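One structure is given here, and the rest of the page talks about it.
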Amino acid sequence: MGDSTTKIQNLSVAPRRSSGFISDGKFLKFGSPYPQSGTKLYGLEFALDLSELNSDPESQPREKRNGELALMYYYGRADDHFDESDLPLGDNPLADLIQFKAARTARSHILMSEWRWPLFAPAYSSKRLRLIQPQYGLGLGALYIRTEVSQDGPVEKVQKLAAFVTGSTQLRLMEVSLGPVDFSLEASVRIMAGQTYGIMGETALRVTYQR
């Protein structure tokens, strides 16, 4: 039997854009650091494609792709505002007697590491173009969130550090090869659970260098 060697096959970088909901499961708690509405996130990912080379002295060496190891960072922002105009009072004369305002500004930092299994075979493939390739991932992450809460008084700052597990279903919509560099457009859905719960829709433009 031959020896197996794991090596780095490709390197890639991907700017990411995401939006969704993150929560600790305690809804309608205005003093919570978690936003009460959707969060917009912007991030960056670095990833390594790993392959296994099996050197059998009695046959040609065989290379098998193992998967992809990714490291992601996101910065998120959510702004919540609620006042008397949000109440369903219509033309009720009591509307002028009710005066209140509450506001929240949440800033979050998310760091995740994820293992992705090899891409499925594309629905269409040519020398330079590949279309519709699903991929699945599972990983761990940490969230730091800091929120300024203003509610009938001075601004209060609340914060939290939380850990979670995450899983994603990713679809590489289109990938174009230009020499040693590949460009791909991706979309994915991500779930988070643990000390933080959430669901996020993501898009990414990946640039991959083939070693």
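The values are calculated or read from the model by the stated rules, or taken from the named source; none is laboratory data. Computed from a predicted structure; not experimentally measured. Here Cβ is always computed from backbone atoms with ideal geometry, including for glycine, and neighbour counts include all displayed protein chains.
So here's what we get for this one:
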{"quantity": "Checklist (1) over 30 Å from Val155 (Cβ atoms); (2) at pLDDT below 75; (3) in a strand (DSSP E or B) applied to Phe82, failing item", "calculated": "(1)"}
{"quantity": "Options Gly137, Gly194; residue that is in contact with a Phe, Trp or Tyr (Cβ under 6 Å, 6 or more places away or on another chain) and in contact (Cβ under 8 Å) with a residue 24 or more places away in the chain", "calculated": "Gly194"}
{"quantity": "Arg211 vs. criteria in contact (Cβ under 8 Å) with a residue 40 or more places away in the chain, among the basic types (Lys, Arg) and in contact with a Lys or Arg (Cβ under 8 Å, 6 or more places away or on another chain)", "calculated": "no"}
{"quantity": "Failed item in (1) aliphatic (A, V, I, L, M); (2) touching a His at 6+ places or on another chain (Cβ under 9 Å); (3) at pLDDT 90 or above, with Ala103 passing the rest", "calculated": "(3)"}
